[in-house]
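K.L.:
There's a structure below that I have some questions on.
The values are calculated or read from the model by the stated rules, or taken from the named source; none is laboratory data. Keep in mind that what you see is a predicted model, and the values were worked out from it rather than measured. Here the Cβ positions follow ideal geometry from the backbone for every residue, glycine too, while neighbour counts run over all protein chains shown.
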Amino acid sequence: MLRASVIVFPGSNCDRDVKTALEAITGFPVKMVWHGDATVPSSDLIVLPGGFSYGDYLRCGAMAAQSPIMRDVVEKARKGTPVLGICNGFQILCESGLLPGVLMRNKSLHFICRDVHLKVETDKTFFTGCYRPGEVIRVPIAHAEGNYFADTETLDRLEGEGRVVFRYSDAEGTVSPETCPNGAQRNIAGIADPTGRIVGMMPHPERLYEKMLGGTDGRRVFESAVVGAVAAMG
Amino acid sequence: MQDNATSTITPETVAAHGLKPDEYQRLLKILGREPRITELGIFSVMWSEHCSYKSSRVWLKTLPTSGARVIQGPGENAGVVDLGDGDAAIFKMESHNHPSYIEPYQGAATGVGGIMRDVFTMGARPVANLNALRFGDPSHPKTRHLVSGVVSGIGGYGNCVGVPTVGGEVNFDAGYNGNILVNAMCVGLARTDKIFYSAAKGVGLPVVYVGSKTGRDGIHGATMASAEFDDKSEEKRPTVQVGDPFTEKLLIEACLEMMATDAIIAIQDMGAAGLTSSTSEMADKGGVGITLDLDHVPQREEGMTAYEMMLSESQERMLMILKPGREAEAEAIFRKWGLDFAVVGTTTDTGRMIVMHKGVVEADLPVPVLANSAPMYERPWFAPVPPQPVLPQWVKAPNGNLDALKTMFGSPALCSRRWVWEQYDHMVMGDTIGRPGGDAAVVRVHGTQKGLAATCDVTPRYVAADPEMGTKQAVVETWRNLCAVGADPIAITDNMNFGNPERPEIMGQFVASVRGMAEACRVLDYPVVSGNVSLYNETNGVGIPPTPAIGGVGLIPDVAHVADIKLKREGDLLIVIGREQGWLGQSLYQQIICEKLEGAPPPVDLADEIKAGRLVRALIREDKVSAVHDLSDGGLLVAIAEMALASGEKGSGLGVELFAYEGKLPAHAVWFGEDQGRYVLAVDPARAEEVVERARLLALPARIVGRTGGDAIVLKGEEPLKLTELAEINEGWLPNYMAGEI
């Protein structure tokens, strides 16, 4: 039995999508946890979904990072509960200090919704174990603030420690400024914490998990988590 | 001018409220006394064209509005149709033209917000947004600014609320230079036993206000939307409402949570004319009176008067009538979502709307009079005279058909709209099956195998030439787009955008348009279940091209059998079904290549449409076609090129080898004619004969026109046109234009 919790902030709008995808892939019911609650029920996996938590007021993710539930999410994450932040969830992870850097306005200044190619940089995280390093997958993005920024030292450290998880590429896996949809530094689409158990990513794997929706490349993010959770149970 | 109940009403005050002198006399007669200023304000919005449909009602009554699947036709917040298995679709389209011209971002954003409220008010979760946008000529100095503002406003609102914007259309035409059109459509899903209406039935019930606070924005918005523009229209900017999609998202969740209880008797959103219109409509439909105490209305600003509160069009507000004693339970839900909640009145048996503020009666009016006394005009009209047809031989041939195709594909009329729809989140909610860029958008009915298809269409140049035929064509184009994805068309919503109805030629366009719509809907058994009329779309006395936008909704029984326009297999044969006459009158070819528009628009044969639509749907469900595209703007060659481009990114997909045409028509009329009732099908060669034969059995012509393969469009005697080149031309215009490079 996989116990997954999805945190619902006011303004979250991919919460149901993640729940649907997780339940379809894992076969286990998912708990929806309200932002005002003090604790997350004991979970094998916590997802911070996409959306516009608190209307993106102040700064994307900034207010959600201060909500009551996040104190417990941060504590559980530090103790080893795997956490996946998708889109706004990635922004919240950065704002709450679980991941370094910040997501700025896209270079074009526009919201962008389209499928992009991602080069999987590592299979050494809780959410990418079922991919092969170097593999190219197709997953949609949908954001106005996905332009990843961190100082050079941080970027070097992320790369040095193998914590860049996904990079924007073309279908052949070439990573270049032309293949970056939003201006993110070093084409970074997703990163991990040093343990590989906390991952933030701008693309939406839950949107391409079945053929009917146009592709299945996002599915293995969740399958990796199931494999990881089963392994953790021994 | 609006501070107390005893001020005398001067003719200037009446004129400032948009009432004609004879309308004011009518009001005096009805009331038997001079109105208080708040009462004058209330009547002015209720009698505005926008709220009362005073010029159009008499004609709208002639539209077919019932059918086997219709649960609720026009008259409620939105139309409701039955999808079977207890599922219902609730949908409507509405204009926000005037505000969007004045303040494009907020005008468009609140248009989207308003139409979604119309839909979730009735108990539906919004699942798909569409929009129909008409801008002025690209060279007009304001066009770029308006496109940019409207598109980001639509995206900014819909993306945040988390409802996918899945389809729509964008036109550029000098006729909209001074008055753009922003028509927003929303489709929602509900359970048939959980549909909510607006009739406030019962006496002594709490009237509850929820959502955002009331501010001074949007006062007289409905009146503005019922007037022509002139050079001073910019001064009306303060009448444009300001939207907050975050609050809307919370309001949707709170209302749906509330609706899952059985505490609500009636619910209505506060749209145009805000508190005034919602209270009077709810009271009138319920046959009761309402006493409002404005002291309890949540207010954003200090010192607001009764007049301002009754006329404010602040966004994201709803009014509910609850069962007695359920207030605390309701309040807890709305507070949880961080929204205001206030009991602002009660229903009464007096039949009067009484508005109290600080202990003073600011309005005391009989509800039935308020709701139903608006003037109804049978305005004089001239029947438009349709032009004579243009024979294909009279329209000059291009130097090369593929060259003409390139020119057309790189024009504002046919270039890719990707720059627009990539700014809309079209995948949130995780059920988008048919993304933008195809014939109709398809979203799965969540948790089922059923699909909802939706599209909006109209070809304004056809309507301008012949409003009756042009509107008929708009209806059948939505019908074809639905059939082309494999959906059974169910019903439409309409958004009638016209000029000043007080001019007989404009009224004549409207009358003819309604006639065309009525006939098409009746014959196709495709009723009108909701709609909106936007008149006075004029600037300095010049009206817009008549633009009856039609939004069609259809049902796909099983999403395992849906079609799209992408070519998929090398070696498939392309078959055109439908009658070919080479109709070039009012065609895009004529407009772009010949640089003129003349003659009659293509005629519509409703019986043929039904036959062709049925055949296409059957073939899709039997998995006998690998791609389908309806033929519309630009004709056959354009449709085939679109299918090829859709088959791979940046021209990397499948090309087509076209067979030489050996019939009697001029070749360019075959390639670019806009004859109606036609589809292109991509079919496995082993099945081609069967498809052709089945069309013939229905007396529908069918002709094999090409074969898929290669990386170019190949036409005998002409230089092959590489898809990569065509893609670049097609994708280039809009981004370059918006970057100021054209």
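K.L.:
Could you list all residues from the range B:180-211 that are under 23 Å from the mean Cα position of the chain (by Cα) and outside any strand (DSSP E or B)?
P.N.:
B:ILE180, B:ILE195, B:PHE196, B:TYR197, B:SER198
K.L.:
Please state which of the following conditions B:HIS140 fails to meet, knowing it meets all the rest: (1) assigned to a loop (DSSP other than H, G, I, E, B); (2) within 14 Å of another protein chain (Cβ to nearest Cβ); (3) not aliphatic (A, V, I, L, M).
P.N.:
It is condition (2) that B:HIS140 fails.
K.L.:
Does B:GLY717 meet the test of being modelled with pLDDT of 95 or more and not in a helix (DSSP H, G or I)?
P.N.:
no
K.L.:
Would you check if there is a residue in the range A:183-191 being within 14 Å of chain B (Cβ to nearest Cβ), at pLDDT 95 or above and closer than 27 Å to B:ARG435 by Cα?
P.N.:
Within the range A:183-191 (the criterion being within 14 Å of chain B (Cβ to nearest Cβ), at pLDDT 95 or above and closer than 27 Å to B:ARG435 by Cα), the answer is no, since none of the residues qualifies.
K.L.:
Conditions: (1) within 14 Å of chain B (Cβ to nearest Cβ); (2) touching a residue at least 60 places away in the same chain (Cβ under 8 Å). A:PRO68 meets all but one. Number of the miss?
P.N.:
Going through the list (1) within 14 Å of chain B (Cβ to nearest Cβ); (2) touching a residue at least 60 places away in the same chain (Cβ under 8 Å), A:PRO68 breaks only (2).
K.L.:
Filter the range B:409-445 down to residues that are of a type in the set (S, T, N, Q) and under 26 Å from B:GLN586 (Cα atoms) and give me whichever is nearest to the other protein chains (Cβ to nearest Cβ).
P.N.:
Filtering first and then ranking leaves B:SER416.
K.L.:
Evaluate the range A:201-208: report whether one residue or more is within 14 Å of another protein chain (Cβ to nearest Cβ), in contact with a strand residue (DSSP E or B) (Cβ under 8 Å, 6 or more places away or on another chain) and surrounded by fewer than 18 Cβ atoms within 10 Å (Cβ to Cβ).
P.N.:
No, the range A:201-208 contains no residue that is within 14 Å of another protein chain (Cβ to nearest Cβ), in contact with a strand residue (DSSP E or B) (Cβ under 8 Å, 6 or more places away or on another chain) and surrounded by fewer than 18 Cβ atoms within 10 Å (Cβ to Cβ).
K.L.:
Would you check if there is a residue in the range A:33-50 being facing chain B (nearest Cβ under 9 Å) and crowded, with 23+ Cβ neighbours inside 10 Å?
P.N.:
yes
K.L.:
Would a scan of the range B:446-457 turn up a residue that is part of a helix (DSSP H, G or I), modelled with pLDDT of 95 or more, surrounded by fewer than 24 Cβ atoms within 10 Å (Cβ to Cβ) and within 14 Å of chain A (Cβ to nearest Cβ)?
P.N.:
No, that holds for no residue.
K.L.:
Something else now. Do you know which of the residues in the range A:10-20 that are touching a residue at least 24 places away in the same chain (Cβ under 8 Å) and touching a strand residue (DSSP E or B) at 6+ places or on another chain (Cβ under 7 Å) is nearest to the other protein chains (Cβ to nearest Cβ)?
P.N.:
The extreme case among them is A:ASN13.
K.L.:
Hey, could you check the range B:556-582 for residues that are more than 20 Å from B:ARG696 (Cα to Cα) and among the aliphatic types (A, V, I, L, M) and say which is farthest from the other protein chains (Cβ to nearest Cβ)?
P.N.:
B:LEU567
Yes/no per residue for (1) away from chain A (no Cβ under 14 Å); (2) modelled with pLDDT under 95; (3) surrounded by 20 or more Cβ atoms within 10 Å (Cβ to Cβ); (4) over 25 Å from B:ASP262 (Cα atoms):
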{"residue": "B:LEU292", "(1), (2), (3), (4)": "yes, no, yes, no"}
{"residue": "B:GLU301", "(1), (2), (3), (4)": "yes, yes, no, yes"}
{"residue": "B:TYR307", "(1), (2), (3), (4)": "yes, yes, yes, yes"}
{"residue": "B:SER312", "(1), (2), (3), (4)": "yes, yes, yes, yes"}
{"residue": "B:MET318", "(1), (2), (3), (4)": "yes, no, yes, no"}
{"residue": "B:LEU322", "(1), (2), (3), (4)": "yes, no, yes, no"}
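K.L.:
Turning to a different aspect of this structure: Answer with yes or no whether A:THR179 is within 14 Å of another protein chain (Cβ to nearest Cβ) and surrounded by fewer than 21 Cβ atoms within 10 Å (Cβ to Cβ).
P.N.:
yes
K.L.:
If I ask for residues that are of a type in the set (Gly, Ala, Ser) and under 12 Å from B:VAL14 (Cβ atoms), which ones from the range B:36-57 would you list?
P.N.:
Those that are of a type in the set (Gly, Ala, Ser) and under 12 Å from B:VAL14 (Cβ atoms): B:GLY41, B:SER44.
K.L.:
Right, another one. Residue check: is B:PRO104 at pLDDT below 95 and closer than 13 Å to B:VAL150 by Cβ?
P.N.:
For B:PRO104, the condition - at pLDDT below 95 and closer than 13 Å to B:VAL150 by Cβ - is not met.
K.L.:
Still on this structure: B:ALA474 is checked against (1) more than 14 Å from every other protein chain (Cβ to nearest Cβ); (2) outside any helix (DSSP H, G or I); (3) touching a helix residue (DSSP H, G or I) at 6+ places or on another chain (Cβ under 9 Å) and fails just one. What number does that condition carry?
P.N.:
Here B:ALA474 clears every test but (2).
A quick yes/no check of all residues on (1) at pLDDT 95 or above; (2) more than 14 Å from chain B (Cβ to nearest Cβ); (3) at negative phi:
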position: A:SER5; (1), (2), (3): yes, yes, yes
position: A:LEU22; (1), (2), (3): yes, no, yes
position: A:ASP56; (1), (2), (3): no, no, no
position: A:LEU84; (1), (2), (3): yes, yes, yes
position: A:PHE90; (1), (2), (3): yes, yes, yes
position: A:GLY97; (1), (2), (3): yes, yes, no
position: A:GLY101; (1), (2), (3): yes, yes, no
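K.L.:
Also, I was wondering about something else. Report yes if B:GLU731 is at pLDDT below 95, touching a helix residue (DSSP H, G or I) at 6+ places or on another chain (Cβ under 9 Å) and acidic (Asp, Glu), otherwise no.
P.N.:
In short, no.
K.L.:
How many of the residues making up the range B:370-410 are at pLDDT 95 or above, surrounded by 16 or more Cβ atoms within 10 Å (Cβ to Cβ) and touching a strand residue (DSSP E or B) at 6+ places or on another chain (Cβ under 9 Å)?
P.N.:
Of the residues in that region, 4 qualify.
K.L.:
Looking only at the range B:9-62, count how many residues are of a type in the set (D, E, K, R) and under 23 Å from the mean Cα position of the chain (by Cα).
P.N.:
4
K.L.:
Here's something else I'd like to know. Quick test of your reading of the structure: B:VAL533 fulfils all but one of (1) touching a residue at least 60 places away in the same chain (Cβ under 8 Å); (2) over 25 Å from B:GLY111 (Cβ atoms); (3) touching a Ser or Thr at 6+ places or on another chain (Cβ under 7 Å); (4) not hydroxyl-bearing (Ser, Thr, Tyr). Name the failing condition by number.
P.N.:
It is condition (2) that B:VAL533 fails.
K.L.:
Only one of (1) within 14 Å of another protein chain (Cβ to nearest Cβ); (2) without any contact (Cβ under 8 Å) to a residue 12 or more places away in the chain; (3) more than 30 Å from B:VAL203 (Cα to Cα); (4) not β-branched (Val, Ile, Thr) is not met by B:ALA332, so which one is it?
P.N.:
In the conditions (1) within 14 Å of another protein chain (Cβ to nearest Cβ); (2) without any contact (Cβ under 8 Å) to a residue 12 or more places away in the chain; (3) more than 30 Å from B:VAL203 (Cα to Cα); (4) not β-branched (Val, Ile, Thr), B:ALA332 misses (3) alone.
For every residue, the table says whether it meets (1) under 14 Å from B:LEU573 (Cα atoms); (2) in contact with a helix residue (DSSP H, G or I) (Cβ under 9 Å, 6 or more places away or on another chain); (3) not small (Gly, Ala, Ser).
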{"site": "B:ALA612", "(1), (2), (3)": "no, yes, no"}
{"site": "B:SER626", "(1), (2), (3)": "yes, no, no"}
{"site": "B:GLU657", "(1), (2), (3)": "yes, no, yes"}
{"site": "B:HIS668", "(1), (2), (3)": "no, yes, yes"}
{"site": "B:TYR679", "(1), (2), (3)": "yes, yes, yes"}
{"site": "B:ARG703", "(1), (2), (3)": "yes, yes, yes"}
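K.L.:
Checking B:THR192 against (1) modelled with pLDDT of 95 or more; (2) surrounded by 22 or more Cβ atoms within 10 Å (Cβ to Cβ), only one condition comes out false. Which one?
P.N.:
(2)
K.L.:
Do any residues in the range A:211-223 that are within 11 Å of chain B (Cβ to nearest Cβ) have Cβ atoms under 7 Å from those of residues that are part of a helix (DSSP H, G or I), where the two are at least six apart or on different chains, and which pairs are they?
P.N.:
A:LEU213/A:ARG207; A:GLY218/A:PRO205; A:GLY218/A:GLU206; A:GLY218/A:ARG207
K.L.:
List the number of the failed condition for A:VAL165; all other conditions in (1) more than 14 Å from chain B (Cβ to nearest Cβ); (2) of a type outside the set (Ser, Thr, Tyr); (3) without any contact (Cβ under 8 Å) to a residue 60 or more places away in the chain; (4) part of a loop (DSSP other than H, G, I, E, B) hold.
P.N.:
Of the numbered conditions (1) more than 14 Å from chain B (Cβ to nearest Cβ); (2) of a type outside the set (Ser, Thr, Tyr); (3) without any contact (Cβ under 8 Å) to a residue 60 or more places away in the chain; (4) part of a loop (DSSP other than H, G, I, E, B), the odd one out for A:VAL165 is (4).
K.L.:
Of all the residues that make up the range B:425-476, how many are over 19 Å from B:ASP558 (Cβ atoms) and among the hydrophobic types (A, V, I, L, M, F, W, C)?
P.N.:
12
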